[in-house]
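Written below as structure tokens is the structure these notes are about.
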Amino acid sequence: TMPASNSEVSMAPVPPVGEGPEVSVADVVVWVRVCPLDRLLPGRGAAARLGDDQVALFRVRDAAGGDTVFAVGDRDPFSGAHVLSRGIVGDAGGVPKVVSPLYKQAFDLRTGVCLDDLAVSVPTYPATVGDDGWVTVGVRP
């Protein structure tokens, strides 16, 4: 687990009232710097506690050798345990997925939807890698 205590927090920009699209409270995201990208091993998960959220981070390599970082809730909805960060990372017909280590359900890393039961999902979080090489995850305040 990576500590959030060393994280830097910044608010996403919100346009002034009357300018730009309407912004609701649900649209406000706090961006948290989590770790340098090189701390995430390709094809493996890592857990991070971000405020009240426990997030599973995954660094996935594409065919061209580039990296995409995905962030989903770490709690397996079938067992209730925070274990998705310890799951097996793979691909299902072009869909990046993680398979829970407990009951083996697979979750789409892009949407959080369970590939074995489409009525079940885990939360997803926006994740970026900055020019400085740090992974940043967006969470609701």
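Mind telling me which of the residues Thr136, Thr128 ends up being exposed (fewer than 13 other Cβ atoms within 10 Å of the Cβ), within 16 Å of Leu37 (Cβ to Cβ) and of a type in the set (Ser, Thr, Tyr)?
Selected residue: Thr128, the only one of Thr136, Thr128 that is exposed (fewer than 13 other Cβ atoms within 10 Å of the Cβ), within 16 Å of Leu37 (Cβ to Cβ) and of a type in the set (Ser, Thr, Tyr).
Could you list all residues from segment 111-128 that are acidic (Asp, Glu) and either touching a His at 6+ places or on another chain (Cβ under 7 Å) or not in a loop (DSSP other than H, G, I, E, B) (or both)?
The first filter runs over segment 111-128 and keeps only residues acidic (Asp, Glu), leaving 116-117.
Passing the criteria: none in range.
Considering segment 46-103 alone, what residues qualify as being outside any strand (DSSP E or B), among the hydroxyl-bearing types (Ser, Thr, Tyr) and either touching a strand residue (DSSP E or B) at 6+ places or on another chain (Cβ under 6 Å) or within 18 Å of Thr124 (Cβ to Cβ) (or both)?
Ser85, Ser100, listed by residue number.
Quick check on my filter: what residues within segment 96-111 are surrounded by fewer than 20 Cβ atoms within 10 Å (Cβ to Cβ) and farther than 14 Å from Gly43 by Cα?
Within segment 96-111, Pro101, Leu102, Tyr103, Lys104, Ala106, Arg110, Thr111 meet the criteria.
We did not get these values from a lab; they are worked out from the coordinates using the rules stated. What you see is a predicted model, and the numbers here were worked out from it, not measured in a lab. Using ideal geometry, Cβ is built from the backbone for each residue, glycine included, and neighbour counts are taken over all protein chains shown.
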